[in-house]
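**Q** Got a structure for you, written out below as structure tokens; questions coming shortly.
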Amino acid sequence: MATNTGQMGYLPRGGAIFSTIPDIFYLPELVFGGLVLSLVASTLVYPPNPQAYVISVAIFCFLITFLWLLIFACGSHHNRSSWATADVAYHGFAALLYLSASVLLAYITIFLSSGTALDGILHIYKLDIAAVVFSFLTTLLYVIHTIFSAIRWKSF
């Protein structure tokens, strides 16, 4: 059962990260971020620049979130307020990156649906739609994680 964030000055370690809010969001962020990465990578990367940005954001956030999960799971953070501050800062930055990538991905998907661009690439268009949905869901998870991390940070 997930506990609240009202525990004063407490950063979980070990298996407790899977039962406390906001740390319970690590696994869904990794799953949905991995889905975004695999869906965008499996589509036609056209136009290349916005799609490459989306893939870069997905890889960066996936790797850093996994590293952050390992730091908290191993207990390497020593329960200092600077770790709580870094947690808020990273998840806020990741939410901003994912929001920008989601908007770009939605724009490219709308661009692909217009006119003759859809001829013969309906499968790719459907993958792009799924990537947009999961990208916005991942953005929402990072925003929620940021809000609850900020609440925990204020309790230090």
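**Q** Could you please give the count of residues in the range 42-58 that are crowded, with 16+ Cβ neighbours inside 10 Å, more than 17 Å from the chain's Cα centre (by Cα) and at pLDDT 75 or above?
**A** 2
**Q** When both residues are 6+ apart or on different chains and their Cβ atoms are under 6 Å apart, which pairs have a first residue that lies in the range 82-107 and is in contact (Cβ under 8 Å) with a residue 24 or more places away in the chain, and a second that is outside any helix (DSSP H, G or I)?
**A** 83/11; 83/77; 84/156
**Q** I've got another one for you. Please state which one of 39, 35, 70 is open to solvent by 10 Å² or more (accessible area, probe 1.4 Å), in a helix (DSSP H, G or I) and under 20 Å from residue 93 (Cβ atoms).
**A** Exactly one of 39, 35, 70 is open to solvent by 10 Å² or more (accessible area, probe 1.4 Å), in a helix (DSSP H, G or I) and under 20 Å from residue 93 (Cβ atoms), namely 70.
**Q** Right, next: Go through the range 68-96 residue by residue and tally those that are at pLDDT 90 or above and over 13 Å from the mean Cα position of the chain (by Cα).
**A** 2
**Q** Considering only residues that are touching a Leu at 6+ places or on another chain (Cβ under 6 Å) and outside any helix (DSSP H, G or I), which ones fall in the range 19-32?
**A** none
The values are calculated or read from the model by the stated rules, or taken from the named source; none is laboratory data. Predicted model only: the values in this text are computed from it and were never measured. Here the Cβ is made from the backbone with ideal geometry for all residues, glycine too, and neighbour counts use every protein chain on show. Keep in mind that these areas ignore ligands, DNA and RNA; they rest on the heavy atoms of the full protein, side chains included. Shrake-Rupley method; radii C 1.70, N 1.55, O 1.52, S 1.80 Å.
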